[in-house]
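Heads up: the structure comes next, in structure tokens.
The values are calculated or read from the model by the stated rules, or taken from the named source; none is laboratory data. Please read all numbers here as calculations on a predicted model, not as lab measurements. Please note: Cβ atoms are built from the backbone with ideal geometry, for glycine as well, and neighbour counts cover all protein chains shown. Note: areas computed on protein heavy atoms with side chains; ligands, DNA, RNA excluded. Shrake-Rupley method; radii C 1.70, N 1.55, O 1.52, S 1.80 Å.
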Amino acid sequence: MKNAVIGNNKQKANLIVLGAVPRLLYLLQQETSSTELKTECAVVLGSLAMGTENNVKSLLDCHIIPALLQGLLSPDLKFIEACLRCLRTIFTSPVTPEELLYTGPDHQTILFNHGAVQNIAHLLTSLSYKVRMQALKCFSVLAFENPQVSMTLVNVLVDGELLPQIFVKMLQRDKPIEMQLTSAKCLTYMCRAGAIRTDDNCIVLKTLPCLVRMCSKERLLEERVEGAETLAYLIEPDVELQRIASITDHLIAMLADYFKYPSSVSAITDIKRLDHDLKHAHELRQAAFKLYASLGANDEDIRKKIIETENMMDRIVTGLSESSVKVRLAAVRCLHSLSRSVQQLRTSFQDHAVWKPLMKVLQNAPDEILVVASSMLCNLLLEFSPSKEPILESGAVELLCGLTQSENPALRVNGIWALMNMAFQAEQKIKADILRSLSTEQLFRLLSDSDLNVLMKTLGLLRNLLSTRPHIDKIMSTHGKQIMQAVTLILEGEHNIEVKEQTLCILANIADGTTAKELIMTNDDILQKIKYYMGHSHVKLQLAAMFCISNLIWNEEEGSQERQDKLRDMGIVDILHKLSQSPDSNLCDKAKTALQQYLA
């Protein structure tokens, strides 16, 4: 059997169809089978696993994994090796569900608790290159996003040397590329998990330059992908590393080359090579987008450099409509990173009508793309962004109102945030559209959302809707009763200072309306609340309550005398006198200004 199936997929399939797998597994697990027989069975199973993905599925369906794991308890090394080989083949197949073996943080911890670090560490000095490499790979997956493991690794000694020092030696230029890359990964993961500082020399002078080297034209496509992705992860949270990377070896220009695969077909005579290039082309683009997104996350000059790189905006816009979800996601992330720049929103983003493909991306994308794309839409809808008008005309209001009903809190936040930006200094028609599309029911549902960010952004939207007098009066004439109810509920609820401050600012806007004022003046409950917050221990809330009062008593307006009298009877003037002595200069000034209204 073994000789028949080696290298012959047809024979492998035949044997599986004939039912060989359950029989082999039975012999492998029989107590009475000799060790030689068990080993041969494991070898044949391993050979079957080397075939097509369907073969692996058949093996999994016969519960091969528990049988092989059981085999690892045998005292016989040859049998153990055969079982391990077969397990490795099965687990490197894409059809094998990973949860069957160790993945995820809890599994890292199990391995860690069973002494994985100490047992693997001494293998880094093994005479066999293959063993050293596998030990290195183990450390990279153990340390990934795991502070507990990473903090331990920093202090592990191997032959009197600390692990980070060993990793640094392994990423020197004379070492094999695979080793340089994997060591750089280990150090990157330890740095991101907080075990090595971002300004440590082993990161700034060793790891970062090594990863930039991996992005150069001399490297294989696979190495360039891995180098760029690891570098993107390393510098993502740290502006200093972003600046250093951006000026190392012309990295920004070097990445532009990632978009040039597959190279012009005539130049590639070798069909295998074309196939290889095609396969890696989208991985390269994805990696370049990721790295550009990290590079441009904070620094205005770096963003400008990226955008000025040959045809970059066109490339990103093309990336938004690629068939590969991963490339689309990376392109959206890259664009989102660049859209944090006011300058770019007014120029490049406008010239390339970025909003068009973005609106298309938002139509039916998976959640992970939606979150980033809607975040970017928030930036495109800021009042100074020229894209605001065309976006509105392309049906954005309905789309965003739809997002506010999502199960995913991040999407609800972005939907409401974008609406808030849209309503900022907008004309009455846009505000009416938003209110109509969102519906008051949904607005009030969002005001009682369990997610604090959603609540804050909804209050922000309400505040932006209720600005400029005619708008305030118009909205309060149609929705006044419900809005006052919502405001009351929030001021009575268990909310933090920021939430209550926003709510009082909304009240101050209402108090600025001409007819809307009356909704406050005729509501004794609300007036008592404003009075209560004027005497609150938190200055922010006192100031916000003060704005409400100032707007109600302002002299030049009709009916100000009656309002002043009513508020005096409530004891507001006494509080103003007390506040005019406040140590807080801001509060003190506002109180004095308000008192002058009474004297005028």
Requested in this report: Could you tell me whether segment 544-553 includes any residue that is surrounded by fewer than 16 Cβ atoms within 10 Å (Cβ to Cβ) and either small (Gly, Ala, Ser) or under 15 Å from Leu466 (Cβ atoms) (or both)?
Outcome: no
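For segment 24-38, check the following and say yes or no: at least one residue is part of a helix (DSSP H, G or I) and under 30 Å from Ser140 (Cβ atoms). I'd like the intermediate steps shown before the answer.
Residues of segment 24-38 part of a helix (DSSP H, G or I): 24-29, 35-38.
Filter again for under 30 Å from Ser140 (Cβ atoms), leaving none.
No: segment 24-38 contains no residue that is part of a helix (DSSP H, G or I) and under 30 Å from Ser140 (Cβ atoms).
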Report summary line: All conditions in (1) within 28 Å of Cys138 (Cβ to Cβ); (2) among the hydrophobic types (A, V, I, L, M, F, W, C); (3) open to solvent by 20 Å² or more (accessible area, probe 1.4 Å) are true of Leu87 except (3)
Report summary line: Inside segment 418-434, the number of residues satisfying the requirement of being under 22 Å from Met359 (Cβ atoms), open to solvent by 10 Å² or more (accessible area, probe 1.4 Å), in a helix (DSSP H, G or I) and not small (Gly, Ala, Ser) is 5
Report summary line: Going through segment 299-326 in order, the residues found to be assigned to a helix (DSSP H, G or I) and touching a Pro at 6+ places or on another chain (Cβ under 6 Å) are Val317
Query raised in the report: Can Gln70 be described as in contact (Cβ under 8 Å) with a residue 40 or more places away in the chain and open to solvent by 100 Å² or more (accessible area, probe 1.4 Å)?
Result: yes
Query raised in the report: Tell me, which residue of segment 174-230 that is at pLDDT 95 or above and among the basic types (Lys, Arg) is nearest to Pro147 (Cα to Cα)?
Result: Arg192
Query raised in the report: Restricting the first residue to segment 218-241 and requiring it to be more than 19 Å from Ile177 (Cβ to Cβ), which pairs with a second residue that is of a type in the set (Val, Ile, Thr) and surrounded by fewer than 23 Cβ atoms within 10 Å (Cβ to Cβ) meet a Cβ separation below 6 Å and a spacing of at least six or different chains?
Result: Asp238/Thr198; Leu241/Thr198
Query raised in the report: Among the residues of segment 131-189 satisfying the criterion of being among the small types (Gly, Ala, Ser) and under 12 Å from Leu211 (Cα atoms), which is surrounded by the most Cβ atoms within 10 Å (Cβ to Cβ)?
Result: Ala184
Query raised in the report: Of the conditions (1) open to solvent by 10 Å² or more (accessible area, probe 1.4 Å); (2) assigned to a helix (DSSP H, G or I), His536 fails just one. Which one is it?
Result: (2)
Query raised in the report: Can Asn496 be described as polar (S, T, N, Q), at pLDDT below 95 and crowded, with 16+ Cβ neighbours inside 10 Å?
Result: no
Query raised in the report: If a residue has to be open to solvent by 10 Å² or more (accessible area, probe 1.4 Å), closer than 13 Å to Ala288 by Cα and out of contact with any Leu (no Cβ under 7 Å at 6 or more places or on another chain) to count, how many in segment 223-251 make the cut?
Result: 2
Query raised in the report: Only one of these conditions is not met by Leu73: (1) farther than 18 Å from Leu18 by Cα; (2) in a helix (DSSP H, G or I). Which number is it?
Result: (2)
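Report yes if Ser585 is of a type in the set (Gly, Ala, Ser) and open to solvent by 60 Å² or more (accessible area, probe 1.4 Å), otherwise no. Please lay out each step first, then the result.
Working: of a type in the set (Gly, Ala, Ser): yes; open to solvent by 60 Å² or more (accessible area, probe 1.4 Å): yes.
Spelling it out, Ser585 is indeed of a type in the set (Gly, Ala, Ser) and open to solvent by 60 Å² or more (accessible area, probe 1.4 Å).
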Query raised in the report: For segment 116-124, does any single residue satisfy the condition of being over 20 Å from Lys169 (Cα atoms), open to solvent by less than 20 Å² (accessible area, probe 1.4 Å), at pLDDT below 95 and of a type outside the set (A, V, I, L, M, F, W, C)?
Result: no
Query raised in the report: Failed condition for Leu274, given (1) part of a helix (DSSP H, G or I); (2) touching a residue at least 24 places away in the same chain (Cβ under 8 Å); (3) in contact with a Pro (Cβ under 9 Å, 6 or more places away or on another chain), with all others met?
Result: (2)
Query raised in the report: What number goes with the only condition from (1) open to solvent by less than 40 Å² (accessible area, probe 1.4 Å); (2) over 30 Å from Pro75 (Cβ atoms); (3) part of a helix (DSSP H, G or I) that Asn54 does not pass?
Result: (1)
Query raised in the report: Quick check, is Lys360 free of Cβ contacts under 8 Å to residues at least 40 places away in the same chain and of a type in the set (Lys, Arg)?
Result: no
Query raised in the report: So which of Ile302, Ile307, Ile369 is crowded, with 18+ Cβ neighbours inside 10 Å and under 18 Å from Pro386 (Cβ atoms)?
Result: Ile307
Requested in this report: With the checklist (1) at pLDDT 95 or above; (2) open to solvent by 40 Å² or more (accessible area, probe 1.4 Å) in hand, flag the one item Ala42 doesn't pass.
Outcome: (2)
Query raised in the report: Only one of Ala49, Ala4 is out of contact with any strand residue (DSSP E or B) (no Cβ under 6 Å at 6 or more places or on another chain), open to solvent by less than 70 Å² (accessible area, probe 1.4 Å) and touching a residue at least 40 places away in the same chain (Cβ under 8 Å); which?
Result: Ala49
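Output yes when any residue across segment 502-522 is in a loop (DSSP other than H, G, I, E, B) and either among the charged types (D, E, K, R) or without any contact (Cβ under 8 Å) to a residue 12 or more places away in the chain (or both), and no when none is.
Initially, segment 502-522 is screened for residues in a loop (DSSP other than H, G, I, E, B), giving 512-516, 522.
This time we only want the ones that are either among the charged types (D, E, K, R) or without any contact (Cβ under 8 Å) to a residue 12 or more places away in the chain (or both), so: 512, 522.
Within segment 502-522, one or more residues are in a loop (DSSP other than H, G, I, E, B) and either among the charged types (D, E, K, R) or without any contact (Cβ under 8 Å) to a residue 12 or more places away in the chain (or both).
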Report summary line: Going through (1) of a type in the set (A, V, I, L, M, F, W, C); (2) open to solvent by less than 60 Å² (accessible area, probe 1.4 Å); (3) under 30 Å from Met151 (Cα atoms); (4) out of contact with any strand residue (DSSP E or B) (no Cβ under 7 Å at 6 or more places or on another chain) one by one, Leu127 fails only at (2)
Query raised in the report: Only one of (1) over 20 Å from Leu231 (Cα atoms); (2) open to solvent by less than 60 Å² (accessible area, probe 1.4 Å); (3) not in a loop (DSSP other than H, G, I, E, B) is not met by Thr96, so which one is it?
Result: (3)
Report summary line: Filtering segment 462-473 down to residues that are crowded, with 18+ Cβ neighbours inside 10 Å and part of a helix (DSSP H, G or I) yields Leu462, Arg463, Asn464, Leu465, His471, Ile472, Asp473
Query raised in the report: Which of the residues that make up segment 557-572 are open to solvent by 20 Å² or more (accessible area, probe 1.4 Å) and part of a helix (DSSP H, G or I)?
Result: Gln561, Glu562, Asp565, Lys566, Arg568, Asp569
Query - segment 403-426 residues that are over 16 Å from Leu381 (Cβ atoms), paired with ones that are part of a loop (DSSP other than H, G, I, E, B) and open to solvent by less than 20 Å² (accessible area, probe 1.4 Å) (beta carbon under 6 Å, 6 or more apart) - result: Arg412/Thr404
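Restricting to segment 287-298, count the residues that are surrounded by fewer than 24 Cβ atoms within 10 Å (Cβ to Cβ) and not in a helix (DSSP H, G or I).
At the first step, the residues of segment 287-298 found to be surrounded by fewer than 24 Cβ atoms within 10 Å (Cβ to Cβ) are 293, 297-298.
Then drop every residue that is not not in a helix (DSSP H, G or I), which leaves 297-298.
The number of residues fulfilling the criteria is 2.
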